[in-house]
Structure formats: structure tokens, C-alpha cells
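All remarks here apply to the structure that follows.
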Amino acid sequence: MILPAGYALSAPIATILLTGNVILQSTTFIPSTETTFEFGNGSSVRVENPMRIRGLPDLVEPHFLGAGGGGAVFSYQRQYTQKEMEHPSEDKVVVKFSWLQSAESVRNECKVLNVMEQHHISGVERCLTQLENPEDHRRVIIIMEPVVDDGISNLNELSTKAALTATKTLMTTLAQMLVARIVTADVQPLISKSTGKLILIDMTEAKILPEGKLSDIDVALVREFCNEVISFVPGSFARISSATFYEELHRIEAESHEFLDDNVRTIIESLMAIE
Ligand SMILES: Nc1ncnc2c1ncn2[C@@H]1O[C@H](COP(=O)(O)OP(=O)(O)OP(=O)(O)O)[C@@H](O)[C@H]1O
């Protein structure tokens, strides 16, 4: 977790307000609580338990995951009714509370993730919904999945098997994002230590490149994105990462008839060149 000093949690639980009302949920009684987290950047986040959002099961058991320039991130457990338990999806969700100054970036994150979902891009989060923060309507809350519980960001700390799984996902995602013309200069992999399952988190700075000839700035952005992604791959996996990238690229181009931009192809070929 990268936690800039300014965003450190100054007090784990500053206020706990027991509102006293008891909510009937399935067969469990959950006392409704509100907890205010104060952060070192002067912002606070009011965390409700349960959190009620239209179209989603009640969200319970908030747990602080981390904070950065975009906001404060918590996991919540979905509280299913008996009927919904028959077809449960991922059990936990990620809830990101933007700061006031980062609301636009967090809106952008959900928008880009929605576009990625339309392109069937794997290895990234899914943004389920976006809402105004009732504390301050200029701030935004986004709900995403999945939560990676035992996440690390360094592939070199994984077992060989898990690192290979993570590398293949990373290169598959790189190919899918490049064809979809989506890049980010802030690449943050989160990898399950036990399984090697990888997702790229934090799409606050991600950009959907416009159609047509790329500007010099966008070419530089693509180069930075590719460089950053490739820098996460352990040196011994250079060959397999390149093979995975091109295999996925050929699959997408054959199936969707969407093609990599020529400039992007040149960049990736130079970075993937193996002596
Ligand atoms: N899906 C997830 N599963 C587990 N932990 C997560 C997940 N998403 C985010 N986190 C944790 O929350 C932290 C902050 O998340 P993220 O990097 O998305 O926030 P941000 O404020 O937009 O960051 P940045 O300062 O890099 O822009 C991460 O470093 C990570 O520790």
C-alpha cells in the first residue's frame, strides 16, 4: 500500500455514533453505526455500517484498506438475503470515498472501468456504481470489486507459480488495454500472495485515447504505461511475457477486428525485443 504521509489515518476511529436503531436484515440484527475516520490531509470520511445503496445488497463490516491521492478505500461485506444467497457473486466490495479535490479523478476511474468492462478487459476492477457522498455532494463514492485480501504489489515476492500467473494476467491486460486505447501512467498491480491472481487498481489517472493519430503527449503516455507495466515483470519471465502479450493481441485482433495503433505497435515492439 502506498500511503503518502499527508493521507495517513490520524485516528483509526475518531467517532463512533451508535444511532440506536436496530435493522432487520435477513435473520440477523445489525445495530446501525457511523464511524468517522479523520485523515492527515484534513479530510474526514463517515463510514456507515450497514451502508445502503440502491440496487446492491446491504454492505456491512467496513474495513479500512488504504488511502492515497484519490481517496480513502474500504472493503465491505455484502449482506445477502436468504434468496440472494442462492446466486452469490463476489462477497466483498471496494468502497472508495473521494476527497473534495479528487472527486473528478474518482469519477474518471469509474467511467474508465465501465468502458473497460464494455471491452471485456480482464485483470482490472469493475465499477458497480457511483454516488454522491451524503456528507458533501461535491465528493463522490464509487463501489468496485473485487477485493484482494492478501495483496502485494511486487511480483518478485511471489512463488514462481504465482509470479507466472500474475505475469500472464498482466500481459493479457496490457494487450487488451492497448487495443482499447486505454492507458494510465500510474500502474498499480495488486496480487494475491496465495494465488497470484492480479488486478490493476487505481484508474484515477487513466485516459481513453481519442481515435485517430496520437498526439506526441499521448505517444509519451503510451510509452510510460508500457514501460511501467513491463517493469513489474521479473527478468526471468521476459520471454513468456512477450509470448503472452502477442498471443492475446492476435486473439483480440482476430476476434474483434480491432487493431493496435501503428505507433503503439512500434513502442511495444521496441520494449518487448529480447536479445
Ligand atoms: N481492490 C482492492 N483490494 C484490496 N485493497 C485495495 C483495493 N483497491 C485499493 N486497495 C488499497 O487501497 C489503497 C488505495 O487505493 P488506490 O491506490 O486505488 O487509491 P488512490 O487514493 O486513488 O491512490 P493514488 O494515491 O495512488 O492515486 C491501495 O494502495 C490498496 O492498499
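The values are calculated or read from the model by the stated rules, or taken from the named source; none is laboratory data. Small disclaimer: the values here were computed from a predicted structure and weren't measured. Heads up, the Cβs are rebuilt from the backbone with ideal geometry, glycines too, and the neighbour counts pull from every protein chain shown.
Out of 47, 73, one residue alone is assigned to a strand (DSSP E or B), in contact (Cβ under 8 Å) with a residue 12 or more places away in the chain and either in contact with a Pro (Cβ under 8 Å, 6 or more places away or on another chain) or among the hydroxyl-bearing types (Ser, Thr, Tyr) (or both). It is 47. The set of residues in region 197-250 being on the phi > 0 side of the Ramachandran plot and within 16 Å of the ligand (Cβ to nearest atom) consists of 202 alone. Can you tell me which residue within region 123-171, out of those that are among the small types (Gly, Ala, Ser), surrounded by 14 or more Cβ atoms within 10 Å (Cβ to Cβ) and in a loop (DSSP other than H, G, I, E, B), is nearest to the ligand (Cβ to nearest atom)? Restricting to residues being among the small types (Gly, Ala, Ser), surrounded by 14 or more Cβ atoms within 10 Å (Cβ to Cβ) and in a loop (DSSP other than H, G, I, E, B), the top hit is 153. Across region 12-26, not a single residue is classified as away from the ligand (no atom under 14 Å from the Cβ), closer than 21 Å to residue 133 by Cα, at pLDDT 50 or above and outside any loop (DSSP other than H, G, I, E, B).
Every listed requirement among (1) surrounded by 18 or more Cβ atoms within 10 Å (Cβ to Cβ); (2) among the small types (Gly, Ala, Ser); (3) in contact with a helix residue (DSSP H, G or I) (Cβ under 7 Å, 6 or more places away or on another chain) is met by residue 185 save one, (1). So which residues in region 86-110 are more than 14 Å from the ligand (Cβ to nearest atom) and under 21 Å from residue 200 (Cβ atoms), if there are any at all? Of everything in region 86-110, just one residue is more than 14 Å from the ligand (Cβ to nearest atom) and under 21 Å from residue 200 (Cβ atoms), namely 89.
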